[in-house]
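Contents: one structure, followed by commentary.
The values are calculated or read from the model by the stated rules, or taken from the named source; none is laboratory data. All values derive from a computational prediction rather than experimental measurement. Cβ placement follows ideal geometry from the backbone for every residue including glycine, while neighbour counts extend to all protein chains displayed. Please note that ligands, DNA and RNA were not included when accessible areas were found on the heavy atoms of the full protein model with its side chains. Shrake-Rupley method; radii C 1.70, N 1.55, O 1.52, S 1.80 Å.
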There are 6 protein chains.
Amino acid sequence: MIETVLWEELKWAEIKELASQNAVVIVPVASTEQHGPHLPVSTDAKLVTTVATRVAKAMREGGVPGIVAPTVWTGNSLHHMLFPGTISLDYEVFSRLMLQICLCINHHGFSRIVLLNGHGGNEGPLRVAITEINQKVGHPVFGVDYWDPARKEMAEILQVQTGVRHSGEAETSLMLHLYPELVGDYSASVGPDRPDPEELSGGMAYTFRTYKDRTRIGVIGDARPATAEKGKKMLECIVERLAELFSRPSLWEITL
Amino acid sequence: MIETVLWEELKWAEIKELASQNAVVIVPVASTEQHGPHLPVSTDAKLVTTVATRVAKAMREGGVPGIVAPTVWTGNSLHHMLFPGTISLDYEVFSRLMLQICLCINHHGFSRIVLLNGHGGNEGPLRVAITEINQKVGHPVFGVDYWDPARKEMAEILQVQTGVRHSGEAETSLMLHLYPELVGDYSASVGPDRPDPEELSGGMAYTFRTYKDRTRIGVIGDARPATAEKGKKMLECIVERLAELFSRPSLWEITL
Amino acid sequence: MIETVLWEELKWAEIKELASQNAVVIVPVASTEQHGPHLPVSTDAKLVTTVATRVAKAMREGGVPGIVAPTVWTGNSLHHMLFPGTISLDYEVFSRLMLQICLCINHHGFSRIVLLNGHGGNEGPLRVAITEINQKVGHPVFGVDYWDPARKEMAEILQVQTGVRHSGEAETSLMLHLYPELVGDYSASVGPDRPDPEELSGGMAYTFRTYKDRTRIGVIGDARPATAEKGKKMLECIVERLAELFSRPSLWEITL
Amino acid sequence: MIETVLWEELKWAEIKELASQNAVVIVPVASTEQHGPHLPVSTDAKLVTTVATRVAKAMREGGVPGIVAPTVWTGNSLHHMLFPGTISLDYEVFSRLMLQICLCINHHGFSRIVLLNGHGGNEGPLRVAITEINQKVGHPVFGVDYWDPARKEMAEILQVQTGVRHSGEAETSLMLHLYPELVGDYSASVGPDRPDPEELSGGMAYTFRTYKDRTRIGVIGDARPATAEKGKKMLECIVERLAELFSRPSLWEITL
Amino acid sequence: MIETVLWEELKWAEIKELASQNAVVIVPVASTEQHGPHLPVSTDAKLVTTVATRVAKAMREGGVPGIVAPTVWTGNSLHHMLFPGTISLDYEVFSRLMLQICLCINHHGFSRIVLLNGHGGNEGPLRVAITEINQKVGHPVFGVDYWDPARKEMAEILQVQTGVRHSGEAETSLMLHLYPELVGDYSASVGPDRPDPEELSGGMAYTFRTYKDRTRIGVIGDARPATAEKGKKMLECIVERLAELFSRPSLWEITL
Amino acid sequence: MIETVLWEELKWAEIKELASQNAVVIVPVASTEQHGPHLPVSTDAKLVTTVATRVAKAMREGGVPGIVAPTVWTGNSLHHMLFPGTISLDYEVFSRLMLQICLCINHHGFSRIVLLNGHGGNEGPLRVAITEINQKVGHPVFGVDYWDPARKEMAEILQVQTGVRHSGEAETSLMLHLYPELVGDYSASVGPDRPDPEELSGGMAYTFRTYKDRTRIGVIGDARPATAEKGKKMLECIVERLAELFSRPSLWEITL
């Protein structure tokens, strides 16, 4: 009986056994980027890794085998590069990295793969990359932004924000719950503090902008009302919804 | 006094003059893909070209010089490839094509460029491509989906749909207004007619799917209530909103 | 009975039917580039599109089904980039674009494809690109420069030139016949007006040169004797010869 | 006063401060690959991460600021792909990933970067990749195999092996010391158990071979005499030697 | 006083000296491909190397320093691949190889570079490649097909052919003059012996074809009337014309 | 009975015959780079070509058919680029060139291919490239550094060096034996004459360095004790060992 849900802690014969059970493989896809004055650069990576691990455990309790691949900590963060600590890939390398990871996992016999995204800047690139991944893998690989299925529940728990945003109430609450020792002083962590040029078009025109135009400190949102309690509640909703989603047989009956 | 707004009809000295006025260059980005039993494969190309041309004319009337580049008729339509007539690029070639077009336009002195998108499948790829385009061009290039700014007005005009969808009420109405001779019998043009496997996840999980899974005839929406009158009204709203947007000085004050 | 010969005006079921007839698909390949003081930048695109359309019609009259794909308006025009209005691709993007277009057309069941070239700068790149295209498509794809089969007839019709050249007697005559409203004053359109450094080697050494070295106004040839009448005559010869060539069964019996 | 040596636990302002001190950045480069019947697939990643972290701490105690970047867990492991669990990149993606990581780190002001390698299969690829990395970064980036500087000491501590090999006495001892809970039964972990075809050439001819040719269980070496005590001793030697090496001012005076 | 004209025989200080004289560097570009039943696969390489060497010597006698780079023996010979012995590159690798060779030569101070082509299949690829080469090198690099400047003289010397063709009278005569020991029995070396499908279009349509369609033995031309005497005469004309061409100051005054 | 062992001197039918005997194909891989004040830039190419030729002859005498492909004279010599005469490829072009050469040789029916390396800078790149070559070719292709099998014998013959180094006793002796007319004055050819910064790390850290940092004249080693006699002895050992190695049936029984 294999206990851990972490790919990295498994021996090869154990992974072979999980492949024979056609376990669902969750690949956390994150970033390494500035997260304001109070959160570490691994915030996205730490959160999505924790979410994935708890989801896999919840799935196993429900009788669906799940494993969590190592976390892809190199995402699309060019818009944060003017803040130190950001390590970003361009789209070409990011998409090839994701493709080769998926091909290897599939090579070992796993046909149920989900890319669990933990970084807003990856949303577009993952959607585009999956087109080629599916063709090469031969099975539909799914992408899910971890905050998406429990979007409504999160909006109810949050006080001043309605979504995740960047280093604000949502992420700070989750980090306070999970990694309080890594959270710094967030009493001034509110932004943006610059007029947002993107909003000049009322959101109708899209372009690439650096975060430096919008916030001096690297925060879009308001971290001040964050609490560990909110983080705990949100995490529970997120895990429950994702575990339910990944456990649906109908999801995996879809073919290319 | 230059009358045409079409790049293709201009001589080089005229384009030089327009560059010296820093004219806004609108690049229509479309597709060549199946559009159900009643619309031609150039539907996206024809609609976005017409929209762009009318927008440029409206801008000129308002004193803002605008030109329309030739239409990019090769978009991201892999999901339509199982229907004959579709000519699609992969992301890599599409993004390099867009980059080189933008670099040439900018090379001639134009710093105000907007990619006016007329195909849903281009939305993700354009957003990703603009990241690299902006870095190489050195100015923010904007992407706009032509139906976006007048989304509300369109929803009011449409009877059974709320958005554009594919070969349904919206596109058929616009084509009836503009190219009635190219519109075939649409009395049965309603879809999807297959259970949509993507909806199994409630829209939470994204993946790449072919249209063949969803519709036997290539329609997502309901063309039956389409009328030329609706098309005329929608077009007016769309043109008005886009002309206003591209004429805002604040949009073009944004720098990289 | 399908009347139009334009791919873009067809519905998917019509293209399916034409594929079952193994129709010949003509892909016009052109450019967007300066054409002297009196011709628009789309001269190559407009001419080759018209030629292709008339050829396809003539073929149909002769009982051979033919269709005209949308025109590739992005060619190899780096040598014109110092004149505003030119939009050029490098070879790599151009060749991949051509390959993917051919692969899509072939995917729908068409094995008879001809790339009808309308721009001198594409001659070399198309010849090189076809090597890879044939290997990937699995059928021989043919390239033809539109002025080539009727070269002799054109030489007889022209007064001061023997071939097409650039924005001179031939192209201006064709444009006067087809698009007189787009032709400006050509009373001084004669060139080159600079010593041609390439000719220093007597044509024995080839290299890449910009047009700016050879002509201040962008003309190589002499447009002054151009007339619509000459254009009409040349067009008739060109169409007749091409239609005859593309209708030869022997051409399409060639295999890879 | 910044305490952690882990890049991932730092906030952006802290990384900025460390850049101003020109801290040495250690990038652990590992693999995810089968490690015999008793060790997890993350063995290389876990070991090199631990080594890097202890080295950075030792350096700080010696007054030289050091930080540890997140671990690159995707290495060159094609030779292990026939064993489940292996996730490998090809050289092209691996080298571009390493280049972009180095460029980002350097972008933030760090000119002292060392790639600490923890996987034999990365030795060749890293040496080749550094040629391009140095040219693009503009500073010499160093590669070090973690077992190299203390090679002699390790040979003395080990009983049946003289070097690291794969899943044998050295790696198993280190894992027993650091992660005993992840070490399975290694009473039969000895290999190779197949005639090694590479040795037919006496080591004179090199080629690419899969591990499956050489060992049924994925072990090259002999894990049976492994002990935590040996692991502890080796780790101390390794850390001491590496910390001393990375702290030498002369190393960092080298310019391109 | 440096005597040899061969780059490969020079020491670095000698090449430095020749760079300071801005010597003309001739790069022979050839192929390795079948040459019928009687000629070796290096025929193109041997001939163009000899031509280049004699040209460089003739130039030196005329006071113009010239050097011959090593011969590029990997050309574009896909059409010969069905005959054993052919070693061919695709265009992408061929063009990058040529670019990097030119960049290195230019890096050492040589701005006068000519690519002396000795293989028909390279004509198109070289013309296309030179576009990018010139842009990257910053000087015009010239391509010359070795048989081109003396085309008329050769036509007069040849009895049954008017041009070079493949393994026929011209090449066999040159080989008989220069490398008689490598020439086999050519009493039956005449071709093509299959109906040439390309000629179905009267030369108007171009495509990629394998030589196997046209000749069973690999000969296009007629080697039977070849003599060493004809080879000697042709070589003299070729060398004289090329030496004169490369020595013209006007050729090298051309700038990008 | 085919006498020559040189691929380049063979006709296609002869190569076909050798393929039917499954001859061993030796591909010499060299460089074009500075070799100090006294040796020509083709030193590596000349030596490895001669070695390969003699090995193939010795093999034939022993009843094993062997052929020598043309020599790849473009290697990885970036570290020599600051000395004139060096012509180097980057890894990407080098590895693709090697792959395409191997694929062509294999295409003609040869499954026994060895890349005989004659340049130290190619050691890493060849090892990395062979991974992909083997996968694409489908057979193991072997790499051998020519000096490796007879390393011990060479060390005994040499007086002041123990290995090959660069332009020192070993290479100069071989060149004195084989090409005395190309060897210049080597009475001062000893190096390095600059403190070697790489040795600061005791060889533990690897990075990319230019030779200019280490030697003003381009020599690493000591050419002064070189003699033709030593060269003759070394060559005999090298050839004997390599011929024996390539003739072992066991080497060629290895499969992928």
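How large a share of the accessible area of the protein assembly as shown, in percent, is made up of carbon and sulfur atoms when the probe is 1.4 Å and the other protein chains stay in place?
Numbers: 26470 of 52710 Å².
Roughly 50 percent of what the probe reaches on the protein assembly as shown is carbon or sulfur.
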Which value, in debye to the nearest 20, describes the size of the charge dipole of the protein assembly as shown about its Cα centre when Lys and Arg Cβ atoms bear +1, Asp and Glu Cβ atoms bear -1, and nothing else is charged? 0 debye
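Shielding by partners for F:71-77, please: the mean number of other protein chain Cβ atoms within 10 Å of each residue's Cβ. Please list the in-between numbers first.
On the way: counts 2, 2, 7, 7, 0, 2, 1.
Mean shielding count: 3.
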With one decimal in nm and the nearest listed first, the spacings from A:Gly203 to its own position in the other copies, using label points 7 Å along Cα-to-Cβ, are 1.4, 6.4, 6.5, 6.6, 6.6
For chain B, with the dipole built from +1 on Lys and Arg beta-carbon atoms and -1 on Asp and Glu ones, taken about the Cα centre, which of B:His107, B:His80, B:Leu6 lies farthest toward the positive end? B:His107
How many angstrom lie between the C-alpha centres of region F:60-100 and region C:101-146? 35 Å
So, R0 is 45 Å and r is the distance between the beta-carbons of C:Ile2 and E:Leu82; what FRET efficiency does that work out to, to 0.05? 0.65
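Using unit Cβ charges (K, R positive; D, E negative) and no other charged atoms, how large, in debye to the nearest 20, is the dipole of chain F about its Cα centre?
Working: 24 positive and 31 negative charges, 45 e Å.
Result for chain F is approximately 220 debye, rounded to the nearest 20.
Looking at chain D only, what percent of DSSP beta bridges run antiparallel? Nearest 5 please. If you can, show how the numbers build up before the last one.
Working: 5 of 20 bridges.
Here the antiparallel bridges make up roughly 25 percent for chain D.
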Shielding by partners, peptide D:179-188 (average Cβ within 10 angstrom, other chains): 1
Between copies, how close do the C:Glu253 label points come, placed 7 Å along Cα→Cβ, listed in nm from shortest? 5.4, 5.4, 5.7, 7.3, 8.1
If I model a spin label as a point 7 Å beyond the Cα along the Cα-Cβ vector, how far apart are those points for F:Ala155 and F:Thr210 in nm? 3.4 nm
Per residue of E:103-111, what is the mean number of Cβ atoms on other protein chains within 10 angstrom of that residue's Cβ? 4
Helix B:91-107 vs. chain B, principal-axis angle (Cα, 0 to 90°, nearest 10): 30 degrees
Mean ellipticity per residue at 222 nm, deg cm²/dmol - from DSSP H runs of n ≥ 4 across chain A, formula -39500 (n - 2.57): -12500 deg cm²/dmol
Solvent-accessible area per residue for chain A (1.4 angstrom probe, square angstrom): 34 Å²
Helix E:43-61 sits at what angle to the longest principal axis of chain E, using alpha carbons and giving 0 to 90 degrees rounded to 10? 40 degrees
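Over both sides of the B-C contact, add up the buried accessible area with a 1.4 Å probe and give it to the nearest 100 Å². The partial results should precede the final answer.
Details: alone 12390 and 12400 Å², together 20830 Å².
Rounded to the nearest hundred, the buried surface is 4000 Å².
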Loop GluC sites (Glu not before Pro), region A:1-108 (other Cβ atoms within 10 Å of the site Cβ: 11 or fewer; DSSP): A:Glu3
Just going by the charge dipole of region E:7-245, with Lys and Arg at +1 and Asp and Glu at -1 on Cβ, which of E:Val41, E:His139, E:Leu182 is farthest out on the positive end? E:His139
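If you count the DSSP beta bridges with both ends in the protein assembly as shown, what percent of them are antiparallel, to the nearest 5?
Working: 36 of 126 bridges.
Around 30 percent antiparallel, to the nearest 5.
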Determine the alpha carbon to alpha carbon distance for each of E:Lys57/E:Lys152; E:Lys233/F:Lys57; F:Lys57/F:Lys152; C:Lys232/E:Lys212; A:Lys46/B:Lys152; A:Lys46/A:Lys212 and list only those over 31 Å. E:Lys233/F:Lys57; C:Lys232/E:Lys212; A:Lys46/B:Lys152
What list of ³J(HN,Hα) values in whole Hz, one per residue of region E:185-191 in order, does the Karplus curve 6.51 cos²θ - 1.76 cosθ + 1.60 (θ = phi - 60°) give from phi, with Gly and Pro shown as x? 5, 10, 6, 10, 8, 9, x
What residue of chain D sits with its beta carbon nearest the rotation axis taking D to B, and at what distance in whole Å? D:Glu92, 8
Log10 I(q)/I(0) at q = 0.09, 0.14 Å⁻¹ for region E:7-245, from Debye over equal alpha-carbon scatterers, is -0.39, -0.92
³J(HN,Hα) across region A:155-171 via Karplus (A = 6.51, B = -1.76, C = 1.60, θ = phi - 60°), whole Hz, x for Gly/Pro? 4, 6, 6, 6, 9, 10, 10, 10, x, 6, 6, 10, 6, x, 4, 5, 5
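What do you get for GluC sites (Glu not before Pro) in region F:102-197 restricted to DSSP loop and a cutoff of at most 11 other Cβ within 10 Å of the site's Cβ? Let's see the in-between values first.
Details: sites: F:Glu123, F:Glu132, F:Glu153, F:Glu156, F:Glu169, F:Glu171, F:Glu181; in loops: none.
When the GluC sites (Glu not before Pro) of region F:102-197 are filtered for loop state and at most 11 Cβ neighbours within 10 Å, nothing remains.
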Assign one of three labels to the protein assembly as shown, namely rounded, prolate or oblate, based on the Cα gyration tensor with a ≥ b ≥ c the square roots of its eigenvalues; rounded applies when a/c is under 1.5, prolate when it is not and a/b is larger than b/c, and oblate otherwise. oblate
Which distances, shortest first and in nm, link F:Val160 to the matching position in the other copies, using label points set 7 Å out along Cα to C-beta? 4.8, 6.3, 7.6, 7.6, 9.4
Name the residues of region D:118-132 whose accessible area falls by at least 40 Å² when all protein chains are present instead of the chain alone, probe 1.4 Å? D:Arg127, D:Val128, D:Thr131
Note the angle between two axes, namely the Cα long axis of helix F:123-137 and the longest principal axis of the Cα atoms of chain F, as a number of degrees from 0 to 90, rounded to the nearest 10. 20 degrees
Losing no less than 50 Å² of accessible area (probe 1.4 Å) relative to the isolated chain, the residues of region A:207-247 are A:Thr207, A:Phe208
